[in-house]
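These notes concern the structure reproduced below.
The values are calculated or read from the model by the stated rules, or taken from the named source; none is laboratory data. No experiment lies behind these values; they were computed from the predicted model shown. Heads up, the Cβs are rebuilt from the backbone with ideal geometry, glycines too, and the neighbour counts pull from every protein chain shown. Quick note on the areas: whole protein, heavy atoms, side chains included, nothing else; ligands and nucleic acids left out. Shrake-Rupley method; radii C 1.70, N 1.55, O 1.52, S 1.80 Å.
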Amino acid sequence: MEKFLAKISFIIVITILLMSCNATKHLTDEDYLLTEHNFEENDKRIRPRKFRNTLKIEPNTKALGTPLKLHVYNIAKQEPDTVFDAWLYKKPKRPKRLVNLLSKKQVVNLRNTYIGLNERIQNAGEAPAIIDDQKIEATKTNLRAWYWNNGWFNAEIDHEITKDSLRQHASINYKIDTGDAFIIDSLQSAIQSKVVDSIYQANKVNALIKEGEQFRTADFDLERERITRLMRNNGIFNFKREHINFTADTIETDSKINISLRIEDLKRTLEGDTTNLGYRLKKISEVNIFTNYSIDQKDAVVTDSVHYNGYQIYSFGKRAYKPKVLTDAVFIQENQLFSERNRTQTFERFSDMRVFKYPNIQYQEDPRDESGESMIANVYLTPREKFGFTISNDVSQSNIVDFGLGFNSSLLVRNVFKGAEILELSGRGIIGSSRDAASASDQFFNVNEVGANARLSWPKIAFPLKTDKIIANDMSPFTSLNLGFSSQQNIGLDRRNFTGSFSYAWQPQRRVSHQLDLVNVQFVNNLNLNNYFNVFGNSFAQLNNLALNYQELVDPTLFETNDEGAITQLIIPEGADGFINTLEQANIPLTAEEDQLASSIIERKERLTENNLIIASNFVYNYSNRLNIEDQDYFQFRGKIEIAGNLLSTLASTIGLEQNENDNFDLFGVQFSQYAKTELSFIKQWDFDKKRVIAARAYSGIAIPYGNANSIPFIRSFFAGGPNDNRGWQPYDLGPGRTGGVNDFNEANFKIALNAEYRFNLFGAWNSALFVDAGNIWNVFDNVTDENAVFQGIESLGDLAVGSGFGIRYDLSFFVIRVDVGFKTYEPNPQGGDWFNRYNFANAVYNFGINYPF
C-alpha cells in the first residue's frame, strides 16, 4: 500500500510541476505567447471549428486548461547539439577523459543520443505559439479564401492584438464582415457529346448544384465527382474528370451567380493535330475469369476451361473452384454496359471471401467489333495460400485464476470443398494457479481449461429455397456453421460448455449489416456441484450466519469444530446442503426477513448449479455512418432480438417430452430454457479536432423468461461493472438494484448502461480521457422477490449507480492499450444511496483493456 501511495504521489507531483512550468521560458523579450484567439462574424462571437484548418497560428493545445504539450516541449533543450558541445568543452581535459573512459565512437554516440532524446521530447510536445505578423496575415488571407469559397466574395477580415507585457501573453481578436452571400441564380449546360448529354439530362434531378442555393466551391468538386461517377457507371469507360468545367458570371447580378457547365468531348492530340474521338457507350461482350493467375507465370498455358452462365472460366492446371462460386462474385456481366460500380463490387466481394488476393480486373477492346463499342473484361484471380497456421500464448488473470498461462493455436483451410469455403479450427488451453481451486493441491498450477472450436463458412446463403430475390449476391452473403467445446477442471463448478450455431450474414446497404442465427444451441453441464459454496462465498457466509443463529435447532454434525470442540462453521458441502434441507422442511422458525434471505440463497443455488440447454434463434441489425477507421464523428445503432425454446415448447407434448417435478419439460434430462431477449445500443461521437472527441453510449437489454422457464440462464443474463461498462465497479460487483452487490457474481435480466467520456491527446501517442458511467441491473418478470433487486418502474432509475474517473491510453496505431481508473461516485443501497462515500484511491477500480470501451 505504501508503494502504491508513493506512485500516486509521484504522478501528482509530476503533474503539478508540469502545470506550474513557465510556458514562456524559451521566449525572447520581444516575443509574446498567443494564449487566446476570438472570432467575431458580423459582430457575433463564433467558434473557429469550421475553418480551423486554414489557421496558420493558434494557441497551444490545452488539456484540462493547461498547455501540457507546450510544457513537454519546454522540457527539451532548444539547441541540444550546442548545449552538449558546451558541456563537453567546458573543461579542457573533459573530452580526452571521456574518450579514454569510453571511446571516441562512444562519445559521438553519447552526443547523438542526447540530441535524439531532446528531439523526441520536442516532437512529443508542441512548440510555443508565438505572435507572428506574417502568420497572422497568412491566416487572414486564408480566411478570406475560405469565405470566398463558401459564397461570401466580399468578406473583409480585420484583427486586433491585446498584449500582456508582464506575462508575455497575447490574444488576437479577428473581426469578420462577410457581406452578402452570393446565390446561384441559374445553371446552364453545354455538353459536346450527345451521349454524355443524354445521361446528364436524365439524372439532372440529382445534381448537387441547384438554383437558389448559396455558392460553395466544395459543391462544385462534389458535382464533378458525381458526374464522373455517373458517366463511368453508365457505359462511358474512358470519361475524364478534367473535361468538366464550370464558369461563373457575377457581373451586375446583385449578389447572384449564373453558372455555366461545360463538358468537352473526348479528343486526341498527336503531333499537334487534334482528332475528335467522341465519347461512346461501351458494352461488355465477354467476361473471362482466370482462377489461378500469377504474374510469375504470366506466359503459362491455359489447360482447363469451362463456359458457365455467360462467363468463360480458365485455369492454368486443374480447375480448383466450382464455377458458380466464381460467377456469383463477379458483377460484370456479358451484354451489359460498362459500370465502375460493378467493377468495385467485384473487387470487394473477392476480398471479403478471403480466398483470393486482391483481384486484378482489366478491360480491352474487343477486336471482333469494328465499331469499337465492345470490350472484353478479364478478371485475374490469385489464390491465397491454402493453409494457414498460427500459434500464440498469453498471460492472464481473473477473479478466479490468480495467474494463468494460455496457449492458442489455429488452422485455416481455404477452398475446402471447391466452393470458396473456409474452415477454421482453433484450440485453446490454459493452466493456472488459483487459491480458490475446487480441489486442494500442493502444485502451483492447480487449475486448467481446454477448448476447441470449428467454423466453416461459405460465400452464399445456404437454404433449401432460393433467396436471391431477398438476399442478392451484391449484399455480400455468407453462411457459417460453428461448433465449440470447452471444459474446466478445478475452476468454479468445472463447467463443460458445448455450443453450435448455423448463421447467415449479409449487408443490404453499405452502412447496414444483418446477422441471423437460424439455430444457436448451447449446453452447459456443471460437473462439480459440491464446490458451489466455495465459489460463491458470500452466499455461504449468509447461509452460515443463519445456521449459527439457530445452531441449537440444527444437527451438530453439520458443523465444523475447533480443537476445543466449539462450532465454527458449516461443513462444505455436506453441512451446507444439510442445513438447506432443514430450511426446506420448515423446521426452523425464521423471521420474515430471514425467510426471504433463505429462499433467495436456495433459489440462487438451484439456478446457478442447474444444467442449461438453450436452443435459440436471434437476429442482429447494425447501422453505422462511420466512413472509415479515422472517422471520429459518427453514430452507430445496434439492435438484437433472441427467442429461445418456443419450437420445443410447442412440440413438447407431441414429441413426448417428459415433465419434471416443476411441471416443466426436459430434453435429454435437462430442462430447456424459454425466453425472449432484446438488446439496444446507440453510440455517438463528436469530433472537436486536435484529437479531442466526446463519445457517448446508451445501452439497454432485457430478457424475459416464460413458458418452460421462470428464470434466465446465468450465461444469458446481464451483469454490470468492468472495463467496458461501469468502470467504478469490478465485473459482477454492481447490483442488482440497490442490494449493494452482496453476491459473488451479481447478475439479473434487465440492464441499463449510460456512458460518456471526453478523449484528448496529451502528447505524442499518449492520450487521456475523463469519463462518467451510469447504470445498473435489475430483476424483472422472473422468480426473484427481493424488492431491492426488482425493477419497480421509473422510481428504480434512482438506483442507477454512477462511476467517474480518468484514463490513460497509448495508441499503437493498430490497437490502443487502455488503463481507466474508476471511482464510485454514487452507490445505491437499501437505505437509498450515497454520493462520494468511497470516492478515493483506496476504493478505486483499475480497469485494463485493449481499444476503447465503446
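So here's what we get for this one:
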read-out	value
Residue match in the range 544-553 (condition: among the aromatic types (Phe, Trp, Tyr) and either modelled with pLDDT under 95 or buried (at least 16 other Cβ atoms within 10 Å of the Cβ) (or both))	yes
Tally of residues being open to solvent by 80 Å² or more (accessible area, probe 1.4 Å) and in contact (Cβ under 8 Å) with a residue 40 or more places away in the chain across the range 30-41	1
Some residue of the range 669-687 being open to solvent by 70 Å² or more (accessible area, probe 1.4 Å), within 23 Å of GLN522 (Cβ to Cβ) and either hydrophobic (A, V, I, L, M, F, W, C) or in contact with a strand residue (DSSP E or B) (Cβ under 8 Å, 6 or more places away or on another chain) (or both)	yes
Unmet criterion (only one of (1) without any contact (Cβ under 8 Å) to a residue 12 or more places away in the chain; (2) closer than 21 Å to SER700 by Cα) for GLY803	(1)
Residue list for the range 734-761, filter: among the charged types (D, E, K, R) and surrounded by 20 or more Cβ atoms within 10 Å (Cβ to Cβ)	ARG738, GLU747, LYS751, GLU757, ARG759
Residue match in the range 71-83 (condition: under 23 Å from ALA138 (Cβ atoms), open to solvent by less than 90 Å² (accessible area, probe 1.4 Å) and at pLDDT 90 or above)	yes
Complete set of residues in the range 542-570 that are touching a strand residue (DSSP E or B) at 6+ places or on another chain (Cβ under 9 Å) and within 30 Å of ILE712 (Cα to Cα)	LEU543, ASN544, ALA547, LEU570
Strands (runs of 3 or more DSSP E) (entirely within the range 158-249) containing at least 1 residues that are within 21 Å of LYS267 (Cα to Cα) and open to solvent by less than 40 Å² (accessible area, probe 1.4 Å)	183-191, 244-249
Members of the range 336-353 that are out of contact with any Pro (no Cβ under 9 Å at 6 or more places or on another chain), more than 17 Å from PHE239 (Cα to Cα) and of a type in the set (D, E, K, R)	GLU348
Top-ranked residue of the range 578-617 - restricted to ones that are of a type in the set (D, E, K, R) and surrounded by fewer than 18 Cβ atoms within 10 Å (Cβ to Cβ), ranked as nearest to PHE523 (Cα to Cα)	GLU610
Of residues in the range 813-854 being assigned to a helix (DSSP H, G or I) and open to solvent by 60 Å² or more (accessible area, probe 1.4 Å), the one farthest from VAL693 (Cα to Cα)	ALA842
Residue match in the range 777-785 (condition: more than 26 Å from ALA676 (Cα to Cα), open to solvent by 20 Å² or more (accessible area, probe 1.4 Å) and in contact (Cβ under 8 Å) with a residue 40 or more places away in the chain)	no
Filter result (at pLDDT 50 or above and in contact with a Phe, Trp or Tyr (Cβ under 8 Å, 6 or more places away or on another chain)) within the range 1-49	HIS37, ASN38, PHE39, GLU40, ARG45, ILE46, ARG47, PRO48, ARG49
Qualifying residue in the range 371-378 (condition: at pLDDT below 95, in a loop (DSSP other than H, G, I, E, B), surrounded by fewer than 17 Cβ atoms within 10 Å (Cβ to Cβ) and on the phi > 0 side of the Ramachandran plot)	yes
Residue selected from the range 403-432 under the condition out of contact with any strand residue (DSSP E or B) (no Cβ under 6 Å at 6 or more places or on another chain) and of a type outside the set (Gly, Ala, Ser), by the criterion surrounded by the most Cβ atoms within 10 Å (Cβ to Cβ)	ASN415
Index of the failed condition, TYR174 passing every other in (1) aromatic (Phe, Trp, Tyr); (2) over 29 Å from LYS44 (Cβ atoms); (3) in contact with a His (Cβ under 8 Å, 6 or more places away or on another chain)	(2)
Residue list for the range 199-218, filter: free of Cβ contacts under 8 Å to residues at least 40 places away in the same chain and in contact with a strand residue (DSSP E or B) (Cβ under 9 Å, 6 or more places away or on another chain)	GLN201, LYS204, ALA207, LYS210, GLU211, GLY212, GLU213
Set TYR358, TYR321: member being without any contact (Cβ under 8 Å) to a residue 12 or more places away in the chain, under 30 Å from GLN509 (Cβ atoms) and in a loop (DSSP other than H, G, I, E, B)	TYR358
Looking only at the range 108-140, and only at residues there that are of a type in the set (A, V, I, L, M, F, W, C) and closer than 18 Å to GLU36 by Cβ, the one that is surrounded by the fewest Cβ atoms within 10 Å (Cβ to Cβ)	ALA127
